[in-house]
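This report refers to the structure that appears directly beneath it.
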Amino acid sequence: MIDNDLFHPRSIAVVGASAGPMNVHSQMFLDNLVGFGFQGKIYPINPGTAEISGLKAYPNLAAVPGPVDLVTSLIPAASTPRLIRECVAAGVKTVQLFTAGFAETGEPEETRLQDEIVEIARQGNVRLIGPNCVGIYCPASGITYCSDFPREPGDIAFITQSGSYTYLTVRMAAPRGVRFSKVVSMGNAADVNEIELLEYLAEDPDTAVIGAYIEGTRDGARFFRVLKETAERKPVIVIKKGSTAAGRRGTSSHTGAMSGDDMVWDTAIKQAGAIRVEDAEEMVDLLTTFTHFPVPQSRRTVVVGAGGGVSVRASDQCEAGGLVLPPIPDKLRDQLAGHISAAGSMLRNPVDVLPERVGQSAWEAILGALDSWEDVDLFLWQICPEIEPFREEEFRKMVVEVRRGMMGTFRRLSKPKAVAVQAVESGPGLASLDALRTICQEHEIAFYPSVVRAARAIGLFMDYQSRTKTGSAG
């Protein structure tokens with residue numbers, strides 16, 4: 001069973017840390033602890049130097065003057081059996097092995113080496129994370145391997161058999177206001193694995209939603225039993241990779257996992273009551289939805305914003321994602337027409353309105369009228385920077401400030417709401433997207449980098465809410 005000390009160690013030793021200024025691994029696992037504000041003791045371990053990054057270095061774990069809860073291994077695979085024995089002797093609780101060169105290679109000798117270190121660790125009551133992983137990110141404890149990960153904790157947990165997916169997921173989610181309680185890269189999962197982590201996170205009071213990247217599992221029956229038990233308590237969102245023949249070869253060489261038949265996985269994930277998504281983008285879209293989007297009464301949506309062909313496009317994308325766009329009744333359309341010029345406008349849902357053009361008072365009146373419309377239960381404001389005539393920086397800055405004020409009005413609507421951009425490719429368009437995303441983060445509004453992704457995420461979110469409401473996982 002996983003202990004809380006795994007995420008809240010009082011001391012960390014980095015074995016194989018180096019004083020070299022370009023040593024990337026020491027920067028990841030030593031310097032980032034210092035910079036991130038880890039409050040416990042930090043011990044660099046290297047017999048060839050007396051000081052690393054301003055910290056006293058020690059030749060081995062036995063020389064450390066106090067207890068060590070967590071060890072990070074940066075040394076070669078062949079040296080790890082001796083290290084694990086030292087950890088057992090020193091009473092270390094957990095070792096996370098950035099070290100690679102084990103079962104993921106597919107070679108018998110390296111697989112035996114992985115089995116050996118697991119056996120040593122288990123006999124000595126030491127838990128292993130990895131090998132072949134980046135380990136733990138826990139902002140509440142000041143633990144990170146990446147300097148630009150957010151320092152403030154949230155209530156999302158993410159577990160993954162791929163270290164790269166931690167970077168993708170955390171960095172993609174951060175500018176959208178999603179924050180994490182715990183992120184664990186488990187690599188080969190030779191000891192601590194996806195099953196134990198799900199069991200732990202199901203009980204974790206700091207975690208409300210769980211995301212997982214899975215390539216395979218060594219105990220399918222137990223995994224799906226635990227997944228079902230966890231999904232009965234909290235939303236669980238799963239990326240399952242390795243579905244093609246090429247992907248299955250990739251998972252074997254990546255983590256040594258047994259990936260299995262994709263149709264079996266798909267059915268089992270759904271029967272467990274979890275949500276399967278395609279990749280990191282869809283994962284982050286759903287995490288954004290769970291974080292910032294209250295549960296609507298229905299899928300009936302009103303879309304406001306950039307119009308013309310873009311609105312027609314948005315209509316198709318919304319309905320393809322499972323949202324419903326009711327037509328605006330004549331009486332409400334007449335009311336809106338008092339604030340929007342009929343020329344060049346659409347008042348049939350989507351509502352073709354450029355708030356930057358109509359002004360704040362008209363924007364407030366339009367949103368107020370739509371908010372009182374009883375036939376819709378959620379708002380989507382679509383913005384298309386690529387159709388705007390503003391390319392000079394001073395004009396774009398002006399538009400950003402106007403939108404910041406109008407976002408405050410949008411936020412005050414009584415119904416669930418989200419913002420999505422359309423078709424962004426150019427440099428100025430991407431700058432506008434970034435500014436909008438920042439504004440939405442400030443206002444705690446769900447933001448999506450496309451309408452189709454917004455509709456898909458909200459649709460999956462509503463599917464999940466419907467299942468949990470009826471008690472059915474099918």
Study note, to complete from the structure: Selection over the range 299-347 where residues are surrounded by fewer than 17 Cβ atoms within 10 Å (Cβ to Cβ), of a type in the set (A, V, I, L, M, F, W, C) and free of Cβ contacts under 8 Å to residues at least 60 places away in the same chain yields a count of 5
Point to revise | Given (1) of a type in the set (S, T, N, Q); (2) within 27 Å of Ile84 (Cα to Cα); (3) within 14 Å of the chain's Cα centre (by Cα), index of the condition Asn193 fails | key: (3)
Review point. Name the pairs: first residue in the range 218-232 and closer than 17 Å to Arg276 by Cβ and touching a residue at least 12 places away in the same chain (Cβ under 8 Å), second residue part of a loop (DSSP other than H, G, I, E, B) and not acidic (Asp, Glu), Cβ to Cβ under 6 Å, at least 6 apart or on different chains?
Key: Phe223/Thr217; Leu227/Ala274; Ala231/Gly273; Ala231/Ala274
Study note, to complete from the structure: Taking the range 158-188 and keeping residues in contact (Cβ under 8 Å) with a residue 24 or more places away in the chain and among the hydroxyl-bearing types (Ser, Thr, Tyr) leaves Thr160, Ser162, Tyr165, Thr166, Thr169, Ser181, Ser185
Exercise for review: Kindly check whether there is at least one residue in the range 18-35 that is aromatic (Phe, Trp, Tyr) and either part of a strand (DSSP E or B) or in contact with a helix residue (DSSP H, G or I) (Cβ under 9 Å, 6 or more places away or on another chain) (or both).
Suggested key: no
Check your understanding: Given the conditions (1) over 21 Å from the mean Cα position of the chain (by Cα); (2) modelled with pLDDT under 95, which single one is not true for Thr255?
Key -> (1)
Revision key, fill the gap. Per the filter on the range 287-296, residues of a type outside the set (Phe, Trp, Tyr), part of a helix (DSSP H, G or I) and more than 9 Å from the chain's Cα centre (by Cα) are Thr289, Thr291, His292
**Study point:** Looking only at the range 4-34, and only at residues there that are surrounded by fewer than 14 Cβ atoms within 10 Å (Cβ to Cβ) and touching a Ser or Thr at 6+ places or on another chain (Cβ under 8 Å), the one that is farthest from Lys93 (Cα to Cα)
**Key:** Gly20
Check your understanding: Can you find a residue in the range 381-388 that is at pLDDT 90 or above, in contact with a strand residue (DSSP E or B) (Cβ under 9 Å, 6 or more places away or on another chain) and surrounded by fewer than 17 Cβ atoms within 10 Å (Cβ to Cβ)?
Key -> no
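The values are calculated or read from the model by the stated rules, or taken from the named source; none is laboratory data. Just so we're clear, the structure is a prediction, and the values are computed from it rather than from any experiment. We place every Cβ from the backbone using ideal geometry, glycine too, and count neighbours over all the protein chains shown.
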